[in-house]
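Visitor: This is the structure, below, for whatever I ask next.
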Amino acid sequence: MSRSLAAHVLTSGGFITGAIDFGADGRIASITGTPSDERAVRDNHRLPLVLPGFIDLHVHGGGGRDIMEGGDAVLRVAELHATHGTTSMLATTMTAPMSDLETAFAALGPACANRGPKGARVLGVHLEGPYINAGKLGAQPNFARPAQPDELRRLEALAPIKLITLAPEIPGNMDLIEGLVASGYRVQLGHTLGSYDDGVQALARGAGGFTHLFNAMTGFHHREPGMVGAALAHATYSEIIPDLLHAHPGAMRVALRSIPCLYCVTDSTAASGMPDGQYRLGRHQVTKCLGGVRLADGTLAGSTLTMDQALRNLVNALDLDLRDASRRVSTHAADYLGLGDRGRLAPGAWGDAVVLDRDLQLLDVFVEGVSLDHPHAR
């Protein structure tokens, strides 16, 4: 059964005031109406705003569950993030022994093949480590090791890997980048002590982006520009965590001016959507307190961010217009993965959409044409 929604609809060409029709096949059947500018639609109280559904390429957990648990954890995580507007996501694993990764991947394969009725679409896996630098673990457990193609083949047989984070300076890793990219993986640089030159060389070999820009990588200095400098000078795509804890708004403004397709991720943990307390992050125990998640030594350990709050932070704290902000929580991530039918509202694209009021609070979420009727709807 199709469904029509009267709204201000954000298309690739701007806002259309009219209606969006979701077809029975889960895709957008049509968008009709007349062009409108952002100020007019934000001032109009009669109709809601409809934006492309959010896409999060870095999700460790949510709702008290951690991706590394295996079992039904990924389904619960996908449900929690769907209630905050995420319509598709990459389940993100931690640096861990192979046995732990296989436990997680065994559950991720079925979840990628079959979406839960109340959850976001799990597009695949972001393998964040273990091929990283032990000197830049951040909140990753210390099971770092050089990239091993045999391990990747074993894991790929269990669930589709879409994105691999690695440190290019680790012996052997740089030489594997071209082959990984040729095999269809997106490779990005993170948890790295690599130099500016390491970053530039990795990009030349096919690496496509950077993992949580500024965090867990060599910083910028005018005589040693580091991995941050390589990203700012040469990247087209990069993640950033816009929770206003992981990066100062001024640093985010620098990145926005430097990296054309900078896109937002949550790096969310089991603590997302939960009260303060103790939670699991891979083999670590972490504490949620004062809006952040930390290890016992105070190290930031992922976040409690959700993508609806990411959108509001971009608009309210960084003064982005809504069209630009929407691209950074949706379209750029889809383009990075080569998904031309997600991250945009157009006839034939998947019916992934968020319905918002003028204050950018969620009213409803559509995943593949179906309203989730989630707790934020009213």
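Visitor: Looking at segment 333-349 only, could you name the residues that are out of contact with any helix residue (DSSP H, G or I) (no Cβ under 8 Å at 6 or more places or on another chain) and crowded, with 22+ Cβ neighbours inside 10 Å?
Guide: Once the filter is applied, which keeps residues that are out of contact with any helix residue (DSSP H, G or I) (no Cβ under 8 Å at 6 or more places or on another chain) and crowded, with 22+ Cβ neighbours inside 10 Å, segment 333-349 yields A333, A334, Y336, L345.
Visitor: Something else now. Considering only residues of segment 78-90 that are without any contact (Cβ under 8 Å) to a residue 60 or more places away in the chain and touching a strand residue (DSSP E or B) at 6+ places or on another chain (Cβ under 7 Å), which is surrounded by the most Cβ atoms within 10 Å (Cβ to Cβ)?
Guide: Result: M89.
Visitor: Please pick out the residue among G343, G338 that is of a type outside the set (S, T, N, Q), without any contact (Cβ under 8 Å) to a residue 40 or more places away in the chain, under 27 Å from R257 (Cβ atoms) and part of a loop (DSSP other than H, G, I, E, B).
Guide: Residue meeting the stated conditions: G338.
Visitor: Take the residues in segment 35-64 that are surrounded by fewer than 24 Cβ atoms within 10 Å (Cβ to Cβ) and either of a type in the set (S, T, Y) or closer than 22 Å to T92 by Cα (or both); name whichever of them is farthest from the chain's Cα centre (by Cα).
Guide: Top of the filtered list is S36.
Visitor: Tell me the residue from Q140, Q148 that is out of contact with any strand residue (DSSP E or B) (no Cβ under 7 Å at 6 or more places or on another chain) and farther than 29 Å from K288 by Cβ, please.
Guide: Residue meeting the stated conditions: Q148.
Visitor: Please determine whether any residue of segment 188-198 is in a helix (DSSP H, G or I), of a type in the set (F, W, Y), more than 15 Å from T165 (Cα to Cα) and touching a Gly at 6+ places or on another chain (Cβ under 8 Å).
Guide: Yes - at least one qualifying residue is present in segment 188-198.
Visitor: Could you say which residue among H234, H212 is crowded, with 19+ Cβ neighbours inside 10 Å and either touching a helix residue (DSSP H, G or I) at 6+ places or on another chain (Cβ under 7 Å) or within 24 Å of V329 (Cβ to Cβ) (or both)?
Guide: After applying the criteria, what remains is H212.
Visitor: Which residues, counting only those in segment 275-292, are outside any strand (DSSP E or B) and at pLDDT 90 or above?
Guide: The answer is P275, D276, G282, R283.
Visitor: Can you tell me which of P97, P117, P110 is outside the structural domain of D364 (by TED's automatic domain parsing), modelled with pLDDT under 95 and not charged (D, E, K, R)?
Guide: That would be P117, the only listed residue that is outside the structural domain of D364 (by TED's automatic domain parsing), modelled with pLDDT under 95 and not charged (D, E, K, R).
Visitor: Being touching a Leu at 6+ places or on another chain (Cβ under 8 Å), touching a residue at least 40 places away in the same chain (Cβ under 8 Å) and part of a strand (DSSP E or B) is the filter here, so list the residues in segment 239-274 that pass it.
Guide: Answer for segment 239-274, where residues must be touching a Leu at 6+ places or on another chain (Cβ under 8 Å), touching a residue at least 40 places away in the same chain (Cβ under 8 Å) and part of a strand (DSSP E or B): E239, L262, Y263, C264, S268.
Visitor: Could you check segment 91-116 and list, in sequence order, the residues that are part of a loop (DSSP other than H, G, I, E, B) and either buried (at least 24 other Cβ atoms within 10 Å of the Cβ) or not hydrophobic (A, V, I, L, M, F, W, C) (or both)?
Guide: Across segment 91-116, the qualifying residues are M94, T95, P97, N114, R115, G116.
Visitor: May I ask you to say which residue of R323, R358 is of a type in the set (D, E, K, R), outside any strand (DSSP E or B) and not assigned by TED's automatic domain parsing to the domain that holds D25?
Guide: Of the residues listed, the single one that is of a type in the set (D, E, K, R), outside any strand (DSSP E or B) and not assigned by TED's automatic domain parsing to the domain that holds D25 is R323.
Visitor: Residue by residue through segment 219-238, note down the ones that are outside any helix (DSSP H, G or I), under 19 Å from I177 (Cβ atoms) and free of Cβ contacts under 8 Å to residues at least 60 places away in the same chain.
Guide: Within segment 219-238, A235, T236, S238 qualify.
The values are calculated or read from the model by the stated rules, or taken from the named source; none is laboratory data. Computed from a predicted structure; not experimentally measured. Here Cβ is always computed from backbone atoms with ideal geometry, including for glycine, and neighbour counts include all displayed protein chains.
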